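Q: Quick one: the structure is below, questions incoming.
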Amino acid sequence: MDRTVHLSEKAVDPPGEARADLDIFLDYARRMDFRNRDGAPLIDWTTPEQAYAAWQRCSAGRPCDYTAITYERLRGGSGIQWGGERLYTDGVFNTDPGYCETYGQDLSTGAEFTAEQYRAKQPAGRAFLPAADYQPSPEVPSEEYPLLLTTGRTVYQFHTRTKTGRAPELNAAAPDVWVELHPQDAARHGIAEGDLVGIASPRGAVEARARLGGIRPGVVFVPFHYGYFDVDPARRRPRAANEMTVTAWDPVSKQPLFKVAAVRIAKLAGSDD
């Protein structure tokens, strides 16, 4: 996130019949018989360092130019910050029409700006800070679904737990889904710490144990790490947070709107059940 480039050397050889990603990539390119404009093999390198050198050639002269960051420099420390400590210290940005790679988009609709529209702004190395009028979420709380759901991570797990779910220590720290509630919302629904709660949106539902804390009143939080059913077949509780989220996305970034949905809650069982 801070533009630091790291070199991660191979630590161990692949086990058994497994192959390194680079070997798979090279084998795929060979089987597909990829060629360059001259008819020669498109991939003319075989080692990680040669692959990086090819990337340096591709990026040369472009906004993401990596030619100054060599393997030797990367091996000399804990990483190199691309572009130095600060970017654009001369006040000139990569916005010249003949140099920039895109012309931008309308933030509300996602429509691409044409070259003519872009040149009319007379960019000439100026920085642009696009703005958009406020638009309400596509789903807001209502009488039937009075609370706002947001989803996210817990510190102990990552995404769908394909790796962190194999670590006994992490599973011991966060083995199951939960719902975080403000004490006022919990009291209004007769919910106490540890109670089993049903959370439902117009699309789906989750069952999770309650945690009362400092979350904003009117908002509930559910982590998205956990699969649809509990790992214990005897319980089989639905617990996939994204079953409740809105099927919509930002028109420019294409990011899905996983962070805002209207829900209702109800106590299903006590903390000892």
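The values are calculated or read from the model by the stated rules, or taken from the named source; none is laboratory data. All values derive from a computational prediction rather than experimental measurement. Neighbour counts are summed over all protein chains in view; Cβ atoms, including those assigned to glycine, are modelled from backbone coordinates with ideal geometry. Heads up: the accessible areas ignore ligands, DNA and RNA and are worked out on the full protein's heavy atoms, side chains in. Shrake-Rupley method; radii C 1.70, N 1.55, O 1.52, S 1.80 Å.
Q: Roughly how much of Ser78 is accessible, in Å² to the nearest 10, using a 1.4 Å probe?
A: 100
Q: Here's another thing I want to ask about it. Which ³J(HN,Hα) values in Hz, rounded to whole numbers, follow from the phi angles of region 87-99 under the Karplus curve 6.51 cos²θ - 1.76 cosθ + 1.60, where θ = phi - 60° and Gly and Pro get x?
A: 9, 6, 5, 8, x, 10, 9, 7, 10, 4, x, x, 10
Q: In sequence order, what are the phi-derived ³J(HN,Hα) couplings for region 154-161 according to the Karplus relation 6.51 cos²θ - 1.76 cosθ + 1.60 with θ = phi - 60°, rounded to whole Hz, with x for glycine and proline?
A: Here the 3J(HN,Hα) series is 9, 5, 8, 10, 9, 6, 8, 6 Hz.
Q: Taking springs between alpha-carbon atoms closer than 10 angstrom, which of Ala173, Ala127, Ala192 fluctuates most in the Gaussian network model of the chain?
A: Result: Ala173 has the largest fluctuation of those listed.
Q: Kindly report, to the nearest 10 Å², the accessible surface of Ile43 as traced by a 1.4 Å probe over protein heavy atoms only.
A: Number for this one is 40 Å².
Q: Quick check: at a probe of 1.4 Å, how many percent of the accessible area of the chain sits on carbon and sulfur atoms?
A: Answer for the chain is 54 percent, counting heavy atoms of protein chains only.
Q: Hey, can you grab everything whose amide H is under 5 Å from the amide H of Val246? Only 5+ residues off in sequence or another chain; H modelled, so Pro and N-termini drop out.
A: Here the answer is Val260, since their amide H atoms fall under 5 Å of that of Val246.
Q: Okay, moving on. Apply the Karplus curve 6.51 cos²θ - 1.76 cosθ + 1.60, θ = phi - 60°, to the phi angles in region 259-269 and return the couplings in whole Hz, x for Gly and Pro.
A: Calculated HN-Hα couplings, in order: 9, 9, 7, 8, 9, 10, 10, 7, 6, 9, 7 Hz.
Q: In square angstrom, rounded to the nearest 10, how much accessible surface does Trp178 have for a 1.4 Å probe?
A: About 20 Å², ignoring ligands and nucleic acids.
Q: When ligands, DNA and RNA are left out and all protein chains stay put, how many square angstrom of accessible area per residue does the chain have with a 1.4 Å probe?
A: Heavy-atom SASA per residue in the chain reads 66 Å².
Q: Normalise the Debye intensity by I(0) for region 88-239, one equal point scatterer per Cα, no solvent, then take log10 at q = 0.10, 0.12 Å⁻¹ and round to two decimals.
A: Each listed q maps to, in turn, -0.61, -0.73.
Q: Suppose every Lys and Arg Cβ carries +1 and every Asp and Glu Cβ carries -1, with no other charges. What dipole size does region 96-212 come out with about its Cα centre, to the nearest 20 debye?
A: 420
Q: Hey, another quick one. Towards the positive end of the charge dipole of region 1-114, with charges on Cβ (+1 Lys, Arg; -1 Asp, Glu), say which of Thr47, His6, Asn94 has the farthest Cα.
A: Value computed over the given set: Thr47.
Q: Something else about it: Suppose every Lys and Arg Cβ carries +1 and every Asp and Glu Cβ carries -1, with no other charges. What dipole size does the chain come out with about its Cα centre, to the nearest 20 debye?
A: The dipole magnitude comes to about 20 debye.
Q: Ok, one more. Amide H neighbours of Leu149 under 5 Å, counting only residues 5+ apart in sequence or on other chains, H built in-plane at 1.01 Å?
A: Val220, Ala261, Ala262, Val263
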